[in-house]
Amino acid sequence: MMNYPHRPTWAEIDLSALQHNLQQAVNLCSTKQRLLAVVKADAYGHGAVPVTQALQSFGICDFAVATLEEALELRHAGITDNLLVLGSCFPGQEGAFLQYDLMPVLLDRETAVRLNVVAVEQSRQLKVHLKVDSGMGRVGFLPRQLQEFLPQLRQLDGLVVEGFMSHLACGDELNSTVTTAQQGQFRTMLQMVREAGIKPREIHLNNSAGLSGWECPECTLSRPGIMLYGGLPGADFSTKLDLQPVMQLRSCIAQIRQVPAGSGISYGHSYYAPDDMTVAVMPIGYADGYNRLLSNCGQGILHGERVPVIGRVCMDWIMLDVSHIPAAAVGDCVTLLGSADGLVITGDDWAEQLDTIPYEIFCRIGNRVPRRYLPES
Ligand SMILES: Cc1ncc(COP(=O)(O)O)c(C=O)c1O
């Protein structure tokens, strides 16, 4: 097939920023803790395989994904490190967990029994991480379920309980009493497991927020995700964490248009030019993850200046007011997310405008946007 140039819209993934953020996470760990890097959802939109490979080169050898499919993508790329599958093992997937040496998170008794049957059939043992609901209110064994299940779990010879884990509901609120209560419940449930004669090697509770704000002396692992990618785990952390954006979303001006005062711009004419204006048309839209709610309120960075989005964001185009930048020309690069010329538009900035969290911003940068990894190896 002919090799055509790609439409000039791309996401740069700055691996040195990833390394910087990783170091911030490492600095927060106690000496007896390792980092288990969360690379689910295509490494929060940054590209699971290249990000995992980069993290490996920075010394990380424990990773978590959400699904079997995500785990297989990493295995097929030759990644042989510890892989924890947070979303557990759905019926029929048991053989793949054994074949590819994947660790499921155990969320219920039925899954444990299914996994055990297949492991015993193959005369194998499968490592699992037992997840308890210490107050998140989502998945995992509740205290009474755990108490009832533990005697049976001990008898499941095909399973090795490698890890014991839970997840925080309100770790992002630094003064949350929920987290204090969850920590207490976590310890109580860990004690129940130990008293049942099960001794997990790995203990983990903290995500990015937990790692940044809450101690877990008994933990051997922490599971940061968002902070590795430069997103804040919550507003309370803006002065606590020194993070760099890993993803820079850039696009080059496709057209420059001089429009007279009074011109309506884009669908619905939600913007009328107040004066004669210079408008830059950018080849990016909501199909690329440039959210339509950024209509008339998004921003770009061009030649060291901020340029506002005017009119509605379309599926494939957005318009910028570049009237104050006479040098603006077709082909010039505009940064829509990330840093350029000493200015920055963070995932947290978008999240605030869109009333969401940076996680969603990064995950939604579409697969129509190619990722370029810097520095190039
Ligand atoms: C079970 C679990 N652990 C860790 C993480 C990572 O969390 P964060 O990205 O807030 O660090 C997640 C992400 O949602 C998760 O679901």
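Candidates in region 83-122 are the residues that are outside any helix (DSSP H, G or I) and surrounded by fewer than 19 Cβ atoms within 10 Å (Cβ to Cβ); of these, the one that is nearest to the ligand (Cβ to nearest atom) is GLY87.
Of all residues in region 315-324, which are assigned to a strand (DSSP E or B) and either out of contact with any strand residue (DSSP E or B) (no Cβ under 7 Å at 6 or more places or on another chain) or over 19 Å from PRO283 (Cα atoms) (or both)? If the condition is that a residue be assigned to a strand (DSSP E or B) and either out of contact with any strand residue (DSSP E or B) (no Cβ under 7 Å at 6 or more places or on another chain) or over 19 Å from PRO283 (Cα atoms) (or both), then no residue fits. Checking each residue in region 155-167 for being within 12 Å of the ligand (Cβ to nearest atom) and either at pLDDT below 95 or in a strand (DSSP E or B) (or both) picks out GLY163, MET165. All of (1) in contact with a Pro (Cβ under 7 Å, 6 or more places away or on another chain); (2) within 12 Å of the ligand (Cβ to nearest atom); (3) not aromatic (Phe, Trp, Tyr) hold for GLY210 with one exception: (1).
For region 30-57, taking the residues that are touching a residue at least 40 places away in the same chain (Cβ under 8 Å) and surrounded by fewer than 17 Cβ atoms within 10 Å (Cβ to Cβ), the one that is nearest to the chain's Cα centre (by Cα) is identified as SER30.
Every residue, every condition in (1) modelled with pLDDT of 95 or more; (2) touching a Phe, Trp or Tyr at 6+ places or on another chain (Cβ under 7 Å); (3) part of a loop (DSSP other than H, G, I, E, B), yes or no:
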position	(1), (2), (3)
VAL281	yes, yes, no
ASN296	yes, yes, yes
VAL309	yes, no, no
VAL313	yes, yes, yes
PRO326	yes, no, yes
GLY338	yes, no, no
VAL344	yes, no, no
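Does ALA25 satisfy the criteria of being within 15 Å of the ligand (Cβ to nearest atom), under 30 Å from ARG114 (Cα atoms) and within 17 Å of the chain's Cα centre (by Cα)? For ALA25, the condition - within 15 Å of the ligand (Cβ to nearest atom), under 30 Å from ARG114 (Cα atoms) and within 17 Å of the chain's Cα centre (by Cα) - is not met.
Scanning region 123-141 for residues that are surrounded by 15 or more Cβ atoms within 10 Å (Cβ to Cβ) and either among the charged types (D, E, K, R) or away from the ligand (no atom under 16 Å from the Cβ) (or both) returns GLN125, LEU126, LYS127, LYS131, ASP133.
Looking only at residues in region 215-244 that are of a type in the set (Val, Ile, Thr) and more than 14 Å from the ligand (Cβ to nearest atom), the one that is farthest from ASP348 (Cα to Cα) is THR220.
Just so you know, in region 168-198 the residues that are within 15 Å of the ligand (Cβ to nearest atom) and among the acidic types (Asp, Glu) include one that is surrounded by the most Cβ atoms within 10 Å (Cβ to Cβ), and it is ASP172. With a requirement of 2 or more residues that are hydroxyl-bearing (Ser, Thr, Tyr), the helices (runs of 4 or more DSSP H) lying completely within region 1-75 that satisfy it span 48-57.
The values are calculated or read from the model by the stated rules, or taken from the named source; none is laboratory data. The structure presented is a predicted model; accordingly, all values stated were derived computationally and were not measured. So basically every Cβ, Gly included, is an ideal-geometry build from the backbone, and we count neighbours across all protein chains shown.
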